[in-house]
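The values are calculated or read from the model by the stated rules, or taken from the named source; none is laboratory data. Everything numeric here is computed off the predicted structure, so don't read it as measured data. Neighbour counts are summed over all protein chains in view; Cβ atoms, including those assigned to glycine, are modelled from backbone coordinates with ideal geometry.
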Amino acid sequence: MATPSVLITGANRGLGLEFARQYAADGWQVIATCRRPSEASELTALGVEVLPLDVADWAQVAALGEELMARPIDLLLNSAGQYGDHQSLGVIEPEAWVRVLTTNTVAPLLLTQTLLPNLLAGRGRKVAFVSSLMGSISDNGSGAYYAYRSSKAGLNAAVKSLSIDLKALGISALLLHPGWVQTDMGGPSAPLKPAESVGGMRRVIEAAGPADSGVFKDYNGKVLSW
């Protein structure tokens, strides 16, 4: 049986780096992308294939698609994202908001569209998106965080549509909430370590079937509300 392959975005730090570490340790063929591979010492130390990619640079996305044209990908893992600044009412800046929306909402869908031939060539036929409970409208009881909340809510809506469009192709689109994790974004006070969060998300991905496509779940497999 062929070695399974995974392409991970935002793999130079945080959850993306931990995904790369765990999949590599389990013998997967890992294609790890980040904006500046020359500065990703922890990632390159894993011995995985590292390719440059700014997910919000459409020319780079297209170039990656051309480079990987003939290669099967069993799992596409959209982990790259950004939190953004100026998210309180009164200091919101439109340019900052658009950057977050571009990276968190538009880019993962365009990358999936670009790499669709690779997913079709693979055996796994799964694409996973790291979302956030902050994208849940029904769970929002504290307000603020306009850019991040809206970007993840938009991602959830887009992936729900994607799951319907990919059904006939036999590809599952999975939405995952990693929990509050000790990363640069989550901060040191977060209760979860990256290894625990990523290990949980990997189990959810592995167990997922067609019925789980387009369903919003946390790292323990609990279904979350929109």
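Which of the helices (runs of 4 or more DSSP H) found entirely inside the stretch 109-213 contain at least 2 residues meeting this: more than 16 Å from Leu77 (Cα to Cα) and touching a residue at least 40 places away in the same chain (Cβ under 8 Å)?
146-166
If only one of Gly141, Gly170, Gly221, Gly209 is farther than 18 Å from Thr9 by Cα, surrounded by fewer than 20 Cβ atoms within 10 Å (Cβ to Cβ), touching a Leu at 6+ places or on another chain (Cβ under 9 Å) and small (Gly, Ala, Ser), which one is it?
Only one candidate qualifies: Gly170.
Considering only residues that are over 17 Å from the mean Cα position of the chain (by Cα) and either of a type in the set (Val, Ile, Thr) or assigned to a helix (DSSP H, G or I) (or both), look in the stretch 66-90 and name the one that is surrounded by the fewest Cβ atoms within 10 Å (Cβ to Cβ).
The qualifying residue surrounded by the fewest Cβ atoms within 10 Å (Cβ to Cβ) is Glu66.
Does Ala2 meet the test of being under 26 Å from Val204 (Cβ atoms), surrounded by fewer than 17 Cβ atoms within 10 Å (Cβ to Cβ), hydrophobic (A, V, I, L, M, F, W, C) and out of contact with any helix residue (DSSP H, G or I) (no Cβ under 9 Å at 6 or more places or on another chain)?
Judged against the criteria, Ala2 is a match.
Taking the stretch 5-59, which residues are in contact with a Cys (Cβ under 6 Å, 6 or more places away or on another chain) and of a type in the set (Gly, Ala, Ser)?
Those that are in contact with a Cys (Cβ under 6 Å, 6 or more places away or on another chain) and of a type in the set (Gly, Ala, Ser): Ala11, Ala40.
Quick one: in the stretch 93-122, which of the residues that are surrounded by fewer than 20 Cβ atoms within 10 Å (Cβ to Cβ) and in contact with a Phe, Trp or Tyr (Cβ under 8 Å, 6 or more places away or on another chain) is farthest from Asp165 (Cα to Cα)?
Trp97
Going by the structure shown, is Ala45 out of contact with any Pro (no Cβ under 6 Å at 6 or more places or on another chain), farther than 22 Å from Pro178 by Cα, loosely packed, with under 15 Cβ neighbours inside 10 Å and at pLDDT 95 or above?
yes
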